[in-house]
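Colleague: This is the structure, below, for whatever I ask next.
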């Protein structure tokens, strides 16, 4: 969605970051005006990543901020919010719902909770909240190979 030099750099750098970890698969992603959505999967045969996922995200954030400053693309002092949202995908139905959300998010920017000029509520957030509440109450062990992030 974000078709400017900073958005293009964010996308290029994320693809390069993922290529450094062969067991990490970038399933779906999109760059929004003030955040990124990404769905990561892990190779089923992966036994251990060289870095934890939070460390991979932090490396990306530091690298993008540094490159954006070097290229004069950073207008504010901080590029990223302090925290990020992650969600463990627990079913194939949820995986498809999240893929659809990421793919169509640019068309629904007017409903995005990160949009300061939002004009309504996206029902995806209520679904995600219900999904996370159900996961917290569940005793099932999820398959930790599919994660979604908003940074």
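Colleague: For the chain, modelled as a Gaussian network with Cα springs under 10 Å, which listed residue fluctuates most, 73, 13, 88?
Modeller: Result for the chain, Cα springs under 10 Å: 73 fluctuates most.
Colleague: Restricting everything to alpha-carbon atoms, can you work out Rg to Rh for the chain with a Kirkwood hydrodynamic radius? Present the calculation step by step, with values, prior to reporting the outcome.
Modeller: Values: Rg = 15.9 Å, Rh = 16.5 Å.
Expressed as Rg/Rh, it is 0.96.
Colleague: Further question: Counting alpha carbon pairs within less than 8 Å and at least 6 residues apart, what relative contact order, in whole percent, applies to segment 12-132?
Modeller: Details: 87 pairs, mean separation 26.7, N = 121.
Worked out over segment 12-132, it gives 22 percent.
Colleague: Go ahead and set up a Gaussian network model of the chain, Cα springs under 10 Å, then flag whichever of 76, 15, 107 fluctuates most.
Modeller: 76
Colleague: Okay, moving on. Can you compute the modelled spin-label distance between residue 62 and residue 125, with each label point 7 Å from Cα toward Cβ, in nm?
Modeller: Roughly 3.2 nm, to one decimal.
Colleague: Further question: What 222 nm value per residue comes from the helices of the chain, counting each DSSP H run with n ≥ 4 as -39,500 (n - 2.57) and dividing by all residues, nearest 500 deg cm²/dmol?
Modeller: Working: 4 runs with 61 residues, N = 151.
Value at 222 nm, helices only: -13500 deg cm²/dmol.
Colleague: If the elastic network links every pair of Cα atoms under 10 Å, which of 89, 25, 62 fluctuates the most in the Gaussian network model of the chain?
Modeller: The residue that fluctuates most here is 62.
Colleague: Scaled to the compact-protein estimate 2.2 N^0.38 Å, what is the alpha-carbon radius of gyration of segment 12-68, rounded to two decimal places? Spell out each step's value before the answer.
Modeller: Values: Rg = 11.6 Å, N = 57, 2.2 N^0.38 = 10.2 Å.
For segment 12-68, the normalised Cα radius of gyration comes out at 1.14.
Colleague: Would you calculate the separation in nanometres between label points at residue 71 and residue 47, each defined as 7 Å from the Cα along the Cα-to-beta-carbon direction?
Modeller: Inter-label distance under the simple model: 3.8 nm.
Colleague: Determine, from the Cβ-Cβ distance of residue 104 and residue 78 and an R0 of 25 Å, the FRET efficiency 1/(1 + (r/R0)^6), rounded to the nearest 0.05.
Modeller: On the way: r = 28 Å, r/R0 = 1.14.
The value I calculate is 0.30.
Values in this text are rule-based calculations from the coordinates and carry no lab data. All values derive from a computational prediction rather than experimental measurement. In this analysis, Cβ positions are derived from the backbone assuming ideal geometry, glycine residues included, and neighbour counts consider all displayed protein chains.
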